[in-house]
1. Counting only other residues whose beta carbon sits under 13 Å from that of A:Arg424, what net charge do I get with K and R as +1, D and E as -1?
2. Using +1 at the Cβ of each Lys and Arg and -1 at the Cβ of each Asp and Glu in the protein assembly as shown, identify which of B:Thr7, A:Leu182, A:Pro219 lies farthest towards the dipole's positive end.
3. Tell me which of A:Ala292, A:Pro347, A:Phe306 sits at the most positive position along the dipole axis of the stretch A:276-381, charges placed on C-beta atoms (Lys, Arg +1; Asp, Glu -1).
4. Could you tell me, in Å, what Rg and Dmax come out for the Cα atoms of the stretch B:43-146?
5. List every residue whose amide H lies under 5 Å from the amide H of A:Ser148, counting only residues 5 or more places away in sequence or on a different chain, with H placed 1.01 Å from N in the peptide plane.
6. Would you mind checking which residues have amide H under 5 Å from A:Val355's amide H? H placed 1.01 Å from N; only 5 or more apart, or other chain.
7. Calculate one ³J(HN,Hα) per residue across the stretch A:191-207 by plugging θ = phi - 60° into the Karplus curve 6.51 cos²θ - 1.76 cosθ + 1.60, and present them in order as whole Hz with x for glycine and proline.
8. For the protein assembly as shown, give the magnitude of the charge dipole about the Cα centre (Cβ charges: +1 Lys/Arg, -1 Asp/Glu; no others), in debye to the nearest 20.
Amino acid sequence: MTPPTTTGAARAITNVDERPVLRERGQREVFCGLTGIVWMHRKIQDAFFLVVGSRTCAHLIQSAAGVMIFAEPRFATAIIGERDLAGLADANEELDREVGKLLARRPDIKLLFLVGSCPSEVIKLDLSRAAERLSRQFMPDVRVLNYSGSGIETTFTQGEDACLASLVPELPRAAGDARSLLVVGALADIVEDQFRQTFADLGIDNVDFLPPRLSTELPSVGPGTRYLLAQPFLTDTSQALENNGATRLSAPFPFGEEGTTAWLRAAADAWDVPERHFNAVTRPGRDRAKKAMERYRERLAGRRIFFFPDSQLEVPLARFLSREMGMELTEVGTPYLHKEHLERELPLLPAGVCVSEGQDVDRQIDRCFAAEPDIVVCGLGLANPFEAAGVTTKWSIELLFTPIHGYEQAADCAELFARPLSRREALAI
Amino acid sequence: MQLTLWTYEGPPHVGAMRVATAMRDVHYVLHAPQGDTYADLLFTMIERRSQRPPVTYTTFQARDLGADTAQLFQDAVRDAYERFQPKAMIVGASCTAELIQDDPGGLADALNLPIPVIPLELPSYQRKENWGAAETFYYIVRTLSRPPADDRNGRSRPTCNLLGATALGFRHRDDVNELGMLLRQLGVDINVTAPWEATPDDIARLADADFNVVMYPEIADTAARWLERTYGQPYVAIPPIGVSATRDFVKEVAELVDVDPMPVLADAASRLPWYSRSVDSTYLTGKRVFIFGDATHVLAAARIAREELAFEVVGLGTYSREFARDVRAAARELGVDALITDDYLDVEARVQELQPELVLGTQMERHIAKRQGIACAVISSPVHVQDFPAAYAPQMGFEGANAIFDTWVHPLMMGLEEHLLGMFSEDFEFHNDATPSHLGGSATRGKAAAAETEDESIADVEALTWSPDAEKTLSRIPFFVRGKAKRNTETFALERGIATITSETLYDAKAHFGR
Ligand code: SF4
Ligand code: SF4
């Protein structure tokens, strides 16, 4: 990596909850929302994601997925060609034809997402109309929806947000005002099962998850719905749910023992679960989590960590690592700081930590070297150059591919950060 | 529109990145949205480069589109120049920026930077990665090269340039090294290697060499032709991959610059010819191999497979449409149909249909072969992280031929083991679905049989019935020839109008087709 030099660029310091936030607008080094397809296509088992884009889009997904082909993937790219650029009418026809072929080959698909990209948006190919048209043609066998994963509109995890937001209008309307709990954000199946059990033990039944594992099991939503965000990047989904009458339960995110307990408590409070019962139900998980995390605390305490903006998980994870693992935060970068959804997280960050939003990657690399962190959380493009410069890293994409939510995974989450440090210590070369 | 699951090549600007990243003191400013920065990981993760690629992306967003993306681009160029202080810059647009038509070349030009700024025109909706690399290299050469220095012939030894090695290339790192050694041994010095580790100053000196070596025609052909036209610099375009091709290469170079090839040819350091003649290799005879990849590597592989290992090439294809003609010609000579496609599913179907014993391909074919339980070796880009080995493993030159022998033969069953499996197919440890013992257990064998049954898409074949005894006999045939035996038997039955296949039919077919 290159030595620091400074040039002027767009930046501003503003306050969020009295905390200074460094806002930057320069080169970003973040994937676009198409990346979400890599985990979403595994989560919803009867859904297919068809990106309408360029060769670049196809190449991005393939590179992010690492071409680990175990089964035929449930995603593909319809690559726009020159002819499509020449006439939009033809582009629509072509799209219909490709979709027809695809659905004929994959009769198991019940839900098709047309995913917009930068090129499809710049040429104003209207995918919502295409989705309506195709839905009319293929319903009731296949429902066709659309959302944008484009890099001009979305970063990385915002793709999941856009996808879920497009699902919300499809959710059946809940009859009456009966209370139900909706957990929002793709979780590992095992985590989902654990949470389901805990809520049942707390006496909260009527719990649903969005996204569901099958598109035929869409949860209903109405004024009785209270929802808990499992991921901090679900701005549009949240808005869409509110439009359907649902109410958000404000909570920190379920990372670490503290976060998980507070998150569960938000639901317990809304359901008037008695404190004693709540404690009795959560005690074993809390104890197990604490015990399991102990050994990583030894490794992580006092270590300095720097977050590059990537997944939007940065703030909750920084909170977890500083409060429960005793790590020292230098800069916590995030592509987008959603004040409201982070209202219970930001106050838990120690004073003096630099929170930054947006990016100017070269300047941030300079700041990172100056901060002399023990470990840097960053995207795949930056990781090896940092390692080569002697800086230990943790790639952020893994945080989306590994179960890290809840009590039983709290230690696994800590371990993800401890392992690169242990490795560096173990290596005698 | 073209439906794509996996692509063999990225967009053309990734080809430009491969050139820029291979070079020194060059910076590339790419007008592109943020997601396009994914391309950095190809170099830092897959190739394990320790530096970020020298690329600045403008990462414009939707809100910039209404405003001034041109200004954003100019700022990015100016900032990149100040920060990285390159000796030359290339500027261009990705697929999205191409649509907003900001004219990166003109915008950069207006900044009057004190270095050469080379605009790229890479039509993203028509072209692909290798073409992008070739075009970028050509632009760079055309802009930066200078007429030969006067003392060109004052040198005591002839010199050449090695052209075509880029970042993210299949074994380019080691090929450059191997070829350099070979040429020096031959009495030829290397003037410049490019784009690999070349600076803009090195490009300026290209014309000083006596001739060019086109290592990878996909990338260096355009530039080499231009150098020939402009400076009368001849080029050698035989990629020296395999023993015979290396010998041809040596002879052609020797003739061109009038040196004696004999010392190099006489002590040719390849073990391949002897290994191939040694009795242990008898079992390689007639192994049915399917070859797919870029044109350079498949053409070389076809020759090696046939002439140097006595394999039978049953299928040959490429995704390099620019070189389709050459591959078609080679296929015709081999008596097979060339498969020219960039659709992974076409390749998969062809492998399914041909049931080869060995697949030589890219990382895509590795997956195809794995799913069908067929042995595989990687011979061409695109490749994954494991194909950038720590060990020295060139493809070119005599040492390259050694590496090729090892990597191709390794996945195959050893000779005696193959016989024992055939003889004692019911031994419980030796069962039919066993993998080569030196490769350890693998769960993929079972799938081979399943895949075979899925293959019966052709109505005629579906109409055939296998009697229980024929099925039993078939199951006793070792897995690595079972696919072929099944296919041969069915073809045989169809040709003769046999509706029910019995053991008898199977043996008749065996007699008819030979091994
Ligand atoms: S993690 Fe490693 S092996 Fe997996 S896709 Fe990325 S580079 Fe390839
Ligand atoms: S940033 Fe845009 S063009 Fe690039 S991969 Fe993402 S959607 Fe495609």
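None of the figures in this text is laboratory data; all of them are computed from the coordinates on show. Fair warning: this is a prediction, and the values are worked out from it, not measured in the lab. Glycine also receives a Cβ, built like all others from the backbone with ideal geometry; neighbour counts cover every protein chain displayed.
1. It works out to a net charge of +2.
2. Ranked along the dipole, the leading option is A:Leu182.
3. Of the options given, the answer is A:Ala292.
4. So, for the stretch B:43-146, Rg and Dmax equal 14.4, 44 Å respectively.
5. It is A:Gly116, by chain and number.
6. A:Leu22, A:Val332
7. Those phi angles translate into 5, 4, 4, 4, 4, 4, 5, 4, 4, 4, 4, 6, x, 9, 9, 6, 10 Hz.
8. Numbers: 97 positive and 134 negative charges, 191 e Å.
With Lys and Arg at +1 and Asp and Glu at -1, about 920 debye.
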